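The values are calculated or read from the model by the stated rules, or taken from the named source; none is laboratory data. Being a predicted model, the structure only gives us computed values, none of them experimental. Neighbour counts run over all protein chains shown; Cβ positions are idealised from the backbone, glycine included.
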Amino acid sequence: MKLIFLSAAIVSVTFAASDALKKSCCASLSNALSSETLYVQDQGYIESLKSYWTTQESALKPSCIVKPQSTDDVATAVKLLAKLDCSFAIRGNGHTAWAGSANIQDGVTIDLRSIDQIKVGSNGSPTQVGTGATWGDVYGTLDPLNLTVIGGRASLVGVSGLTLGGGISYLSPRYGFVCDNVENYEIVLASGKITNANANQNSDLFRALKGGSNNFGIVTRFDLRTVQLGQMWGGQVVYNVSLVPQALKAFTDFNAANPYDEYASTIQSVAFDSTFGLVAVNSFQYTAPVVNPPAFAGFDVIQPQLSSTLRITTLKDITDEQGAFSPAGFRDLYTTITFRNDLPFLTYVYNTWKSTVTSSITSIPNLNYAITWQPIPPAITSKSVPATSSNSYSNPNRDTGNSLGLENSKTPLILCSLSIKWERSTDDAVIESTARNFIEQIGKAAREKGVDNDFLYLNYALNGQDPIRGYGRENVERLKKASRQYDPNGVFQKQVPGGFKLPF
Ligand SMILES: Cc1cc2nc3c(=O)[nH]c(=O)nc-3n(C[C@H](O)[C@H](O)[C@H](O)COP(=O)(O)OP(=O)(O)OC[C@H]3O[C@@H](n4cnc5c(N)ncnc54)[C@H](O)[C@@H]3O)c2cc1C
């Protein structure tokens with residue numbers, strides 16, 4: 001009995017201590033950054049939570065939200081939070097689906113959206129993008145100048161999370177992953193120090209940030225390689241699902257094309273939607289103003305098309321269209337797996353997915369249950385190879401490589417993702433177990449058939465998946481070394497529980 005009382009007393013003292021600590025975290029932030037620190041009754045707090053992409057992320061209630069207006073503000077906040085041992089979350093634009101990636105219950109959330117300045121790079125210099133900007137902000141600024149950067153495919157998504165997780169762009173076949181085209185990161189380290197990481201300064205941190213997500217500090221500015229882009233061709237084509245077998249064949253042929261037309265990219269999806277039933281959608285993009293480019297000729301046999309939005313237009317317009325398919329304010333789940341470009345296996349994956357479209361799924365109201373694949377041909381992965389005199393790509397800032405572990409991939413890969421949108425929390429358990437079982441089954445089958453690949457794209461991964469381990473042992477060791485060097489007390493490992501952590 002005594003023991004029980006004693007342990008109850010210890011528990012209540014611990015709670016009291018942690019409550020006091022939480023209060024002192026927010027109180028200290030209020031002292032240092034008074035107008036930037038928001039509490040539950042503030043309009044700014046309510047707006048911040050409401051503006052996450054998914055309702056799961058919006059549902060977490062931090063003790064306070066700090067909304068820095070400058071890099072100096074970020075440095076002040078990080079220094080305080082590290083010193084007081086406070087738990088905190090780092091929010092870019094809040095587009096990760098799962099709860100706790102960029103928000104935190106009862107801790108402090110740093111909402112970076114106000115740091116969104118864009119300074120256009122001219123004469124070959126990089127475009128400087130504040131960490132809170134969206135890709136739509138960036139393209140809206142650059143399109144009229146016939147310039148662009150290598151960035152995301154939906155306008156509302158954040159520059160920061162996407163770039164730190166690697167990033168795949170319509171321009172990736174020409175220029176590599178989004179992270180391969182960052183020339184410099186301005187970053188606040190755990191000590192509060194503001195520094196830069198580029199090919200010449202802190203080059204090990206520079207490489208670590210190319211795929212290392214939120215494990216090293218808070219990036220406050222991305223200096224992105226600026227390239228020419230006028231108008232382009234692209235849009236979405238919808239088919240009846242009976243045509244999926246032809247679509248899969250066209251997709252795997254496209255992915256294996258040799259030579260690969262580096263202006264061309266595509267994404268193929270099949271979805272069960274509560275309103276439309278089963279539909280197949282192919283999105284096509286060509287980053288030059290060419291109508292029906294020959295690179296997509298293999299898709300011409302997929303007839304009839306139920307609808308098509310293919311047109312010559314701007315990148316901003318294409319990314320607005322893509323974004324409109326994924327409105328905010330729902331429950332969402334993303335999960336992912338990568339395997340070799342193999343038509344029989346892709347057919348197996350599609351059939352397995354179709355077998356999960358049972359009444360326990362289709363009876364969920366306002367559901368969109370989609371499987372998507374996109375090509376990762378050597379045209380993309382080969383550009384992650386550090387530049388040398390013999391392969392000198394035009395971007396010297398690529399000379400450190402990245403952390404993704406794909407640079408030696410000699411064969412085309414398929415990046416497969418499951419994305420599910422629904423409304424009621426009571427459906428969470430069915431959705432989550434269906435998704436996790438599906439990915440497990442596909443992973444097992446891929447290993448058995450020898451078409452597996454360890455890469456799990458961090459930006460599509462579900463909590464519980466371990467994308468950083470998938471970068472391979474050598475990259476993980478380099479990342480751990482960078483963590484020890486730039487964050488010796490492990491602030492971003494221990495005090496920032498959200499996101500994907502290094503596998504220590
Ligand atoms: C509709 C839609 C379209 C998408 N399209 C693409 C696409 O075309 N290509 C692609 O590659 N991915 C795409 N994604 C996936 C996208 O890359 C991820 O959702 C990404 O995390 C979004 O970035 P964010 O800043 O909005 O995310 P957040 O959820 O805010 O952040 C993601 C993670 O990064 C960390 N983080 C964010 N900012 C910083 C920072 N400044 N410093 C340190 N850590 C930080 C956060 O702590 C969090 O763990 C898409 C997602 C959606 C929902």
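Key figures for this structure:
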| quantity | calculated |
| --- | --- |
| F251 away from the ligand (no atom under 16 Å from the Cβ), buried (at least 22 other Cβ atoms within 10 Å of the Cβ) and not basic (K, R) | yes |
| Residue among K61, K79, K50 that is within 15 Å of the ligand (Cβ to nearest atom) and among the basic types (K, R) | K50 |
| Residue within segment 324-334 that is touching a Pro at 6+ places or on another chain (Cβ under 6 Å), surrounded by fewer than 19 Cβ atoms within 10 Å (Cβ to Cβ) and of a type outside the set (F, W, Y) present | no |
| Candidate set from segment 51-70 (those that are in contact with a helix residue (DSSP H, G or I) (Cβ under 7 Å, 6 or more places away or on another chain) and part of a strand (DSSP E or B)); member that is surrounded by the fewest Cβ atoms within 10 Å (Cβ to Cβ) | C64 |
| Among the residues listed as A77, A89, the single one being buried (at least 19 other Cβ atoms within 10 Å of the Cβ), in a strand (DSSP E or B) and in contact (Cβ under 8 Å) with a residue 12 or more places away in the chain | A89 |
| Per-region count, segment 314-371, residues more than 25 Å from the chain's Cα centre (by Cα), assigned to a helix (DSSP H, G or I) and within 24 Å of K249 (Cα to Cα) | 9 |
| Selection from segment 278-313 of residues that are charged (D, E, K, R) and over 20 Å from D253 (Cα atoms) | R311 |
| Filter result (β-branched (V, I, T), away from the ligand (no atom under 16 Å from the Cβ) and in a strand (DSSP E or B)) within segment 220-239 | V227, V237, V238 |
| Criterion: crowded, with 17+ Cβ neighbours inside 10 Å, touching a residue at least 24 places away in the same chain (Cβ under 8 Å), within 12 Å of the ligand (Cβ to nearest atom) and part of a helix (DSSP H, G or I) - qualifying residue of N459, N475 | N459 |
| Odd one out for E432 among (1) at pLDDT 95 or above; (2) in the same structural domain as P375 (by TED's automatic domain parsing); (3) closer than 30 Å to F254 by Cβ | (3) |
| Of residues in segment 272-302 being free of Cβ contacts under 8 Å to residues at least 60 places away in the same chain, part of a loop (DSSP other than H, G, I, E, B) and over 30 Å from S359 (Cβ atoms), the one farthest from the chain's Cα centre (by Cα) | V301 |
